Structures are given as structure tokens and as C-alpha cells.
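What follows is calculated from the coordinates using simple rules that are stated; it is not laboratory data. Bear in mind the structure is a predicted one, so any value in this text is a computation, not a measurement. Note that we place each Cβ from the backbone using ideal geometry, even for glycine, and neighbour counts take in every protein chain shown.
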Amino acid sequence: MADDEHTTIITPRLRIVAFGEEHCGEHYLAWLNDPDLMAFSEQRHRRHTMESCRAYRMSFEGSQNSFWAIVARKDGAHIGNISVALDTHNSLANISILVGNATARGKGFGKEAWEGVCDHLFRNRGVRKIQAGTMAVNAPMVALARSVGMVEDGRRIRHYVWRGREVDLVFFALYRDDWLAGHADPTLSGGEERGRVEPEQLSENRG
């Protein structure tokens, strides 16, 4: 996470900050062990512990990949996480997201965080294509991908077994030129905050 370790992405309602020890609490562990939240994730096959949570966080240190906490600006609540796996050789990024806080679901926070991270990757990290994959039966994630302008980019037929059914793994893609053509630079748009970045913003909280 070397390149984005001290980067904070600001959106109208959110601060997207590097995931630190302060976010690795019982609430996060409860999200990962919630069968409903993990219904469409391969994480559903294991039981998570605080040690496994910390090991996952540490796996990003010194890497080119990013693991962010999604924090509500209104009250500072940690409401979810978003991660990015980069392929710098091909200028690709794969994004995963979890909105774990029950009171934050259904309010558009996932879309807002996704768009903020996409904007940052396209403008500041040299990414040309963003991709995401999910089970075809994961209606909320499919809806999110389509709502931000992602297009279907292929699928693996009968790839997973979900609740006794064979289901497809579907991929979505978003391209830099398409995104920039439809989204003004937030630093030049007279107050728009989507994707605004504050370098070193997190350093005071990671002591």
C-alpha cells in the first residue's frame, strides 16, 4: 500500500482512509463473520479471528495494493471497507467493497465510495481500466457496477456453487477515457468533492 498509504479520498459524505489498527475492531470482525453480509463472498467458507483480520491488513503494507476504511464524515463512523489490487504492468485495477454497518446500507454510500476511488485511480494512479467480479446472483453488486457506468466484460459459466446452485462469475469493466469524458476534475469543478485527495491526511492517526 506504499503509494496510497497516506492518501485520503474525500467525497461529499465520506472520508476514505488507509485502513489502520483503529479500524480492526470487533465491529469489523462481526462483519466478516456475518453469513448474510458474506453470502456472495468466498470469505463465507471460513471463520475469521482478530488475528486473521490483522494479517490481512498487514498483507497490504509495502505493496502496490490498497486497503481503505470508508468513514462517514458526519459522525466518524467506520461503515465499510474498499480494497484495490493493482496490475501496474497493464494499468489495471480490481476493486472490492463491503458496506458492513447495517445503518449505512441502502443509502448510496457504496456507490459514493466506489466513484471516489475510481476517480482517484484514473486521475492519480495512471489506471486505464478498472474491473470487478461477482456472482451473477449478487444483485446489489451487479446494480452498483452498472450504476457507476461499468459494462459487462465477460463471465465464467457455472463457476461457483452458491446454496447448492451452480452460478456464473460475471466481470464488469470501466475505462479511463469513458470516465474522464463524463466526469469533471473535482479539483476544478467549483466545489465538487468527489475524488478529492488529501496526501498525508492520515499520518496523524497512525502513530
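Structure values in brief
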item	result
Lys/Arg +1, Asp/Glu -1 at C-beta; the chain dipole; positive extreme among PRO186, ALA143, ILE16	ALA143
Amide proton proximity set for ASP153, modelled H, under 5 Å, gap of 5+	PHE171, PHE172, ALA173
Cα gyration tensor, the stretch 51-135 - rounded (a/c under 1.5), prolate or oblate	oblate
For the stretch 4-91: rounded, prolate or oblate by the Cα gyration tensor [a/c cutoff 1.5]	oblate
Chain lengthening between GLU152 and SER41 when straightened (0.36 nm per residue, less Cα-Cα)	38.0 nm
